[in-house]
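Asks: Below you'll find the structure I mean.
The values are calculated or read from the model by the stated rules, or taken from the named source; none is laboratory data. None of these values were measured; they are calculated from a predicted model. Positions of Cβ are backbone-derived with ideal geometry, glycine not excepted, and every protein chain shown enters the neighbour counts. In case anyone asks, the SASA skips ligands and DNA or RNA and just uses the protein heavy atoms, side chains included. Shrake-Rupley method; radii C 1.70, N 1.55, O 1.52, S 1.80 Å.
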Amino acid sequence: MRFFRFPSALRCILREAVFTTGRPGKTVCLSFDDGPDPITTPLILEILDRFNVKALFFLNGGKAEKHPALVEKIRNSGHITGNHGYSHLNGFKTRFKDYIDDIDMAARSTSSVLLRPPYGKITLRQYRYLIKRYAIVLWDLMPYDFDNSLTKEKILEIVLTKSRSGSIIVLHDKPDACSAEILERTITGLREKGFCFVVPVNPE
């Protein structure tokens, strides 16, 4: 069963980053990366609104500039937007200045407060610089909702069986991911297991 959690050793190194909700009890947080997308994001927003669930949206700066009304719709629906870089750069493969410049460029249209490094890949030097300026939000569970080799049913099974108290779950609001198709059953299934949905960070 394919999914990804950050190992404990890495969590210790990135100790100031956010991996879990930090709330007591059976809480989870839904987060969405790589949007906004004019087709997928509105579908996700409609489902979240119908079930009264608030989420984190880590936005691609280039897409956010193209779809400012959609960014506003996300915020006006009560969700929180975060910075996911302008060009979705891999921190491991990008020079320090280029990486920081890309994050700063995205901040104008996404967030200057919350950051999720693209791919979750960030060097120690990048991390140490950016953690002084941002709350860096990673995740506890990635079910690979963008992996076309996995069926929607398998991805849903991963979410429902591998989520645990405090999990920040990362899904994707882009056309090649199945998040919108499994979201309703994700919410109802987790609620049946006793989970409630929270947003773990204060955007102020």
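Asks: Filter the stretch 84-98 down to the residues that are closer than 15 Å to I136 by Cα and in a helix (DSSP H, G or I) and list them by number. Show your work before the answer.
Replies: Pass one, the stretch 84-98, residues closer than 15 Å to I136 by Cα: 84-85, 91.
The answer is G91, and nothing else.
Asks: Still on this structure, I have one more. Considering the stretch 135-157 alone, what residues qualify as being in contact with a strand residue (DSSP E or B) (Cβ under 8 Å, 6 or more places away or on another chain) and touching a residue at least 40 places away in the same chain (Cβ under 8 Å)? Outline the logic, then answer.
Replies: We begin by selecting, within the stretch 135-157, every residue in contact with a strand residue (DSSP E or B) (Cβ under 8 Å, 6 or more places away or on another chain); these are 135-146.
Scanning the stretch 135-157 gives A135, I136, V137, L138, W139, D140, L141, M142, P143, Y144.
Asks: Just need a number here: residues in the stretch 123-134 that are free of Cβ contacts under 8 Å to residues at least 40 places away in the same chain and part of a loop (DSSP other than H, G, I, E, B). Before you say what the answer is, go through the steps one by one.
Replies: Step one: of the stretch 123-134, the residues free of Cβ contacts under 8 Å to residues at least 40 places away in the same chain are 123, 125-126, 128-130, 132-133.
Narrowing the set further to residues that are part of a loop (DSSP other than H, G, I, E, B) leaves 123, 132-133.
Total satisfying the criteria: 3.
Asks: Taking F197, is it in contact (Cβ under 8 Å) with a residue 60 or more places away in the chain, crowded, with 18+ Cβ neighbours inside 10 Å and among the aromatic types (F, W, Y)? Give the derivation first.
Replies: On the way: in contact (Cβ under 8 Å) with a residue 60 or more places away in the chain: yes; crowded, with 18+ Cβ neighbours inside 10 Å: yes; among the aromatic types (F, W, Y): yes.
So F197 fits the description; yes.
Asks: Can you pull out every residue in the stretch 156-167 that is part of a loop (DSSP other than H, G, I, E, B) and surrounded by 15 or more Cβ atoms within 10 Å (Cβ to Cβ)? Please lay out each step first, then the result.
Replies: Of the residues in the stretch 156-167, the ones part of a loop (DSSP other than H, G, I, E, B) are 163-166.
Matches in the stretch 156-167: S163, S165, G166.
Asks: State all residues of the stretch 30-55 that are aliphatic (A, V, I, L, M) and either surrounded by 24 or more Cβ atoms within 10 Å (Cβ to Cβ) or without any contact (Cβ under 8 Å) to a residue 40 or more places away in the chain (or both); if no residue qualifies, say none.
Replies: Taking the stretch 30-55 as the starting set, the residues that turn out to be aliphatic (A, V, I, L, M) are 30, 39, 43-45, 47-48, 53, 55.
Scanning the stretch 30-55 gives L30, I44, L45.
Asks: A further question on this structure: Being surrounded by 23 or more Cβ atoms within 10 Å (Cβ to Cβ) and either aromatic (F, W, Y) or not in a helix (DSSP H, G or I) (or both) is the filter here; which residues of the stretch 143-155 pass it? Walk me through it before giving the result.
Replies: First, the residues of the stretch 143-155 that are surrounded by 23 or more Cβ atoms within 10 Å (Cβ to Cβ): 143, 145, 155.
Of everything in the stretch 143-155, those that are surrounded by 23 or more Cβ atoms within 10 Å (Cβ to Cβ) and either aromatic (F, W, Y) or not in a helix (DSSP H, G or I) (or both) turn out to be P143, D145.
Asks: Can you name the residue in the stretch 56-84 that is touching a Lys or Arg at 6+ places or on another chain (Cβ under 7 Å) and open to solvent by 10 Å² or more (accessible area, probe 1.4 Å) and is also farthest from D102 (Cα to Cα) among such residues? Don't jump to the end; show me each part of the working.
Replies: The first filter runs over the stretch 56-84 and keeps only residues touching a Lys or Arg at 6+ places or on another chain (Cβ under 7 Å), leaving 58, 78-79, 81-82, 84.
Pick out the ones that are also open to solvent by 10 Å² or more (accessible area, probe 1.4 Å) and you get 78-79, 81.
Details: G78: 27, H79: 24, T81: 17 Å.
Selected residue: G78.
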